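Reading through the structure tokens given below for one structure.
The values are calculated or read from the model by the stated rules, or taken from the named source; none is laboratory data. These numbers come from a predicted model, not from an experiment. Cβ: placed from backbone, ideal geometry, glycine included. Neighbour counts: every protein chain shown.
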Amino acid sequence: MEYRIALLPGDGIGPEIVSAAVRVLEAIGAKYGHTFTFQDYLAGGCAIDATGEPLPAATVEGCLASDSVLLGAVGGPKWDTLPGSIRPERALLGLRSALGLFTNLRPAKLYPALAGNCPLRAETVAKGFDLLMVRELTGGIYFGERGRREGKYGPEAYDTEAYSVMEIERICRVAMEAAQKRSGHVISVDKANVLETSRLWRETVHRIAAEYEGVEVEDMLVDNCAMQLVRDPARFDVVVTTNMFGDILSDEASQITGSIGLLPSASLGEGSRGLYEPIHGSAPDIAGTGKANPIATILSAAMMLRYSFALGAEADAIEQAVEGALNDGCRTADLAAGAPDSLTCEQMTEEILKRL
Ligand code: NAD
């Protein structure tokens, strides 16, 4: 099969980690008989420098004409003082909306070989964890009505959260389907003791869950969830939640795995095309030094194979190669507490390629 992949390397370490993932995809293609064709497009700060805007129309067109999209990261100090409307991060919101991506999937697991990197208590680490955060991506308070006005105590600002039944139903179905392929347990996170949107969320989640045989739903208030994630992450499997709660909780979940350089993500819509990217940013502090960990981006490419191209065996092969490298002691600087013999981005990629 032939697959067209749009590459958006972006800024900072973006080009280094995307080229690592391309090497892995090319190796997988050669091994399993697939052809991946790659086309680079500008997004983020580099796009602002070249065209004056963070997400040029040619990039959106290129992504829409491709089978899937792999993004490195965008942003950096050079563009920090620009007004909000032309900041590099606008490219991300623009891509989500242009590609209709309403689901964000973020797996977070503790690799046994990296147990020593986990900041949690030893008895919690011993239990391990492997969870999948399913975050609604295009609704809720980040997209609601907002503004400034004169209030009871003078000038004030407001943001509103609104969720339609349709938006809750479709993200809920993604979580239920994921749960059927995992342990069948979904934790739905809301704030139903206070928010009306959460009460609608809870009602809808239970109604939809009833259609999925073998799936059990547990409700959890967001404040409790924030606590349970560090107290007992092993009790989580699939977590489904709103845009803002998911934003915060998925960052929390990432931190307990040991390094931000390990975690992939997928943003999906109705069709098979998705946007795949590491959860970390452009790491300007280490850009160009060779210290970037390519694993999060390589695992994002594996998610692309699994979710966009239904190439499960190929995705498994990449994930096993990554785990094999970690089990054999391969460490980039972020995983080795800066030890002098840590591997560069390129060396870590070589180690993963050797194990494919
Ligand atoms: P960051 O994730 O870029 O970096 C945080 C810390 O983690 C840094 O010390 C960095 O060196 C380290 N780190 C991140 N990825 C790593 C990797 N693969 N290997 C080794 N170490 C890694 O977050 P930040 O410093 O807050 O943001 C830097 C820039 O990235 C900002 O402009 C921010 O807006 C942008 N950003 C972009 C995205 C995105 O493109 N999706 C996400 C978050 C932040």
Inter-residue pairs, beta-carbon under 7 Å, first among the polar types (S, T, N, Q) and in region 23-41, second assigned to a helix (DSSP H, G or I), 6+ apart
Thr35/Gly29; Gln39/Gly62
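Can you confirm whether Val134 is among the β-branched types (Val, Ile, Thr), surrounded by 19 or more Cβ atoms within 10 Å (Cβ to Cβ) and either within 15 Å of the ligand (Cβ to nearest atom) or outside any helix (DSSP H, G or I) (or both)?
Numbers: among the β-branched types (Val, Ile, Thr): yes; surrounded by 19 or more Cβ atoms within 10 Å (Cβ to Cβ): yes; either within 15 Å of the ligand (Cβ to nearest atom) or outside any helix (DSSP H, G or I) (or both): yes.
When the stated conditions are applied, Val134 passes them.
Using the structure shown, decide if Glu89 is among the acidic types (Asp, Glu), within 11 Å of the ligand (Cβ to nearest atom) and under 22 Å from Glu319 (Cα atoms). It would help to see each step written out before you state the result.
Numbers: among the acidic types (Asp, Glu): yes; within 11 Å of the ligand (Cβ to nearest atom): yes; under 22 Å from Glu319 (Cα atoms): no.
Criteria not met by Glu89.
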Out of all the residues in region 331-351, is one or more more than 14 Å from the ligand (Cβ to nearest atom), part of a helix (DSSP H, G or I) and either touching a residue at least 24 places away in the same chain (Cβ under 8 Å) or hydroxyl-bearing (Ser, Thr, Tyr) (or both)?
yes
Members of region 265-306 that are part of a strand (DSSP E or B) and within 11 Å of the ligand (Cβ to nearest atom)
Ser265, Ser267, Leu275, Glu277, Pro278
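Residue by residue, here is whether (1) among the β-branched types (Val, Ile, Thr); (2) within 29 Å of Thr124 (Cβ to Cβ); (3) out of contact with any Pro (no Cβ under 7 Å at 6 or more places or on another chain) holds:
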| position | (1), (2), (3) |
| --- | --- |
| Val240 | yes, yes, yes |
| Leu262 | no, yes, yes |
| Leu268 | no, no, yes |
| Ile295 | yes, yes, yes |
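Here are Leu356, Leu326: which of them is hydrophobic (A, V, I, L, M, F, W, C), away from the ligand (no atom under 16 Å from the Cβ) and either touching a residue at least 60 places away in the same chain (Cβ under 8 Å) or surrounded by fewer than 22 Cβ atoms within 10 Å (Cβ to Cβ) (or both)? Show your work before the answer.
Working: Leu326 fails: away from the ligand (no atom under 16 Å from the Cβ).
When all the criteria are applied, what remains is Leu356.
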Select, from Ala50, Ala43, the only residue that is among the aliphatic types (A, V, I, L, M), buried (at least 21 other Cβ atoms within 10 Å of the Cβ) and on the phi < 0 side of the Ramachandran plot.
Ala43
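Just need a number here: residues in region 142-158 that are surrounded by 11 or more Cβ atoms within 10 Å (Cβ to Cβ) and modelled with pLDDT of 95 or more.
Step one: filter region 142-158 for residues surrounded by 11 or more Cβ atoms within 10 Å (Cβ to Cβ), giving 142-144, 146, 156, 158.
Now narrow it down to the ones that are modelled with pLDDT of 95 or more: 156, 158.
Residues flagged as surrounded by 11 or more Cβ atoms within 10 Å (Cβ to Cβ) and modelled with pLDDT of 95 or more within region 142-158 amount to 2.
Only one of Ala6, Ala43, Ala21 is of a type in the set (A, V, I, L, M, F, W, C), within 12 Å of the ligand (Cβ to nearest atom), in contact with a helix residue (DSSP H, G or I) (Cβ under 7 Å, 6 or more places away or on another chain) and outside any helix (DSSP H, G or I); which?
On the way: Ala6 fails: within 12 Å of the ligand (Cβ to nearest atom); Ala21 fails: outside any helix (DSSP H, G or I).
After applying the criteria, what remains is Ala43.
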